[in-house]
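A short worksheet on the structure shown next.
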Amino acid sequence: MHCHCEIVIPPLHSRELDEEYITAAVSAVMSPFDENRDDEDSRGIAFWDWYVIGGRWAGAKLMERLGKDRIDAFYEWLRNEGITVYALNMGKEELSPAKQIPMVDDKWTEMFPEAAGPCPIFRHSNDQYREFLSGDIATIADTPRTLKCARVIFAGHGFTENEWGGALEPKFMLSESVWNGYNYMPISWDGTFGAALNDYLKTLDVMAPEYVQAMTPTENWIVVTVDYHS
């Protein structure tokens, strides 16, 4: 099953949107939860066997920023025009026949001029295994608090040489359900990014001031959309 995760990491000075840094940071944060690992540390907490930045959730933050009412209006246009897709799909739906693509993209640009380009709803908008879309790597300031996902991970630097400047590692995580040894059990989190951020900030209330200063996400921290399979 594929699931949607958002990973929050601190920026790296002026390189906060550097793709190489982002890729390495996501890898470091996801590593402890790899089902392919065979060590004691990962047993009981692993939840993925494959992941990619963006993937089938490429454009999720972008569409959330555009607003449900506007997106619903676009879907209504698709229905009224009789736009069709393949009956079977892996990931985003694929327009079929492909000759519909220019018309759909033109209408998308007309209705969302601030997000002009390929319609992110459909498969042709990106290579889900190699490409991500605008907003898949964004700051907290540009991440809608209403964005819903299956999991959110907040990361921070480990402690080294008397400061919080070591390797990135997960510090707090929420998921829509947890395995209790017999079945998956839902939790109280409503699945929104905003609620996850608030819950994380509450955990910092009892921490030492130095830790709080290093781990408190600010508006320029980075939020990365990840598609993972379990």
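The values are calculated or read from the model by the stated rules, or taken from the named source; none is laboratory data. This structure is a prediction, so every number in the text was calculated from the model and none was measured. Virtual Cβ from ideal backbone geometry, glycine too; neighbours counted across all protein chains shown.
Of all residues in the stretch 182-197, exactly one satisfies the criterion of being part of a strand (DSSP E or B) and touching a residue at least 12 places away in the same chain (Cβ under 8 Å), namely Thr192.
I need the full set of residues from the stretch 58-97 which are free of Cβ contacts under 8 Å to residues at least 60 places away in the same chain, assigned to a helix (DSSP H, G or I) and hydrophobic (A, V, I, L, M, F, W, C), in order please. Before the answer, list the steps.
As a first pass, look at the stretch 58-97 and keep what is free of Cβ contacts under 8 Å to residues at least 60 places away in the same chain: 63, 66-90, 92-97.
Within this subset, residues satisfying the condition of being assigned to a helix (DSSP H, G or I) are 63, 66, 68-81.
Scanning the stretch 58-97 gives Met63, Leu66, Ile71, Ala73, Phe74, Trp77, Leu78.
Only residues that are in contact with a His (Cβ under 7 Å, 6 or more places away or on another chain) and not hydrophobic (A, V, I, L, M, F, W, C) were counted in the stretch 56-77, giving 1.
Scanning the stretch 193-230 for residues that are farther than 28 Å from Met1 by Cα and among the hydrophobic types (A, V, I, L, M, F, W, C) yields Leu201, Leu204, Val206, Met207, Ala208, Val212, Ala214, Met215, Trp221.
Could you check, for the stretch 164-172, whether at least one of its residues is of a type outside the set (Phe, Trp, Tyr), touching a Leu at 6+ places or on another chain (Cβ under 8 Å) and closer than 21 Å to Tyr21 by Cα? If you could, list the steps in order and put the result at the bottom.
Applying the first criterion (of a type outside the set (Phe, Trp, Tyr)) to the stretch 164-172 yields 165-171.
Those still in the list that are touching a Leu at 6+ places or on another chain (Cβ under 8 Å) too: none.
Checking the stretch 164-172: not a single residue is of a type outside the set (Phe, Trp, Tyr), touching a Leu at 6+ places or on another chain (Cβ under 8 Å) and closer than 21 Å to Tyr21 by Cα.
Of all the residues in the stretch 66-90, those that are closer than 30 Å to Val8 by Cβ and buried (at least 16 other Cβ atoms within 10 Å of the Cβ) number 2. Note on the stretch 108-139: among residues that are among the β-branched types (Val, Ile, Thr) and under 12 Å from Thr225 (Cα atoms), the one that is surrounded by the fewest Cβ atoms within 10 Å (Cβ to Cβ) is Thr139.
Selection of strands (runs of 3 or more DSSP E) fully inside the stretch 108-176 by the criterion of at least 2 residues being under 30 Å from Ala208 (Cβ atoms) and not hydrophobic (A, V, I, L, M, F, W, C) returns 151-157, 168-175.
Taking Met63 as the residue in question, decide whether it is of a type in the set (A, V, I, L, M) and either outside the structural domain of Thr192 (by TED's automatic domain parsing) or under 30 Å from Met111 (Cβ atoms) (or both).
On the way: of a type in the set (A, V, I, L, M): yes; either outside the structural domain of Thr192 (by TED's automatic domain parsing) or under 30 Å from Met111 (Cβ atoms) (or both): yes.
Here the answer is yes, as Met63 does meet what is asked.
So that you can scan it fast, the table gives a plain yes or no per residue for (1) within 14 Å of Ala150 (Cα to Cα); (2) without any contact (Cβ under 8 Å) to a residue 40 or more places away in the chain; (3) within 20 Å of the chain's Cα centre (by Cα):
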residue: Asp199; (1), (2), (3): no, yes, yes
residue: Pro209; (1), (2), (3): no, yes, no
residue: Pro217; (1), (2), (3): no, no, yes
residue: Trp221; (1), (2), (3): no, no, yes
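Restricting the stretch 32-57 to residues that are over 17 Å from Pro118 (Cα atoms) and part of a helix (DSSP H, G or I), the residue that is modelled with the lowest pLDDT is Ser42.
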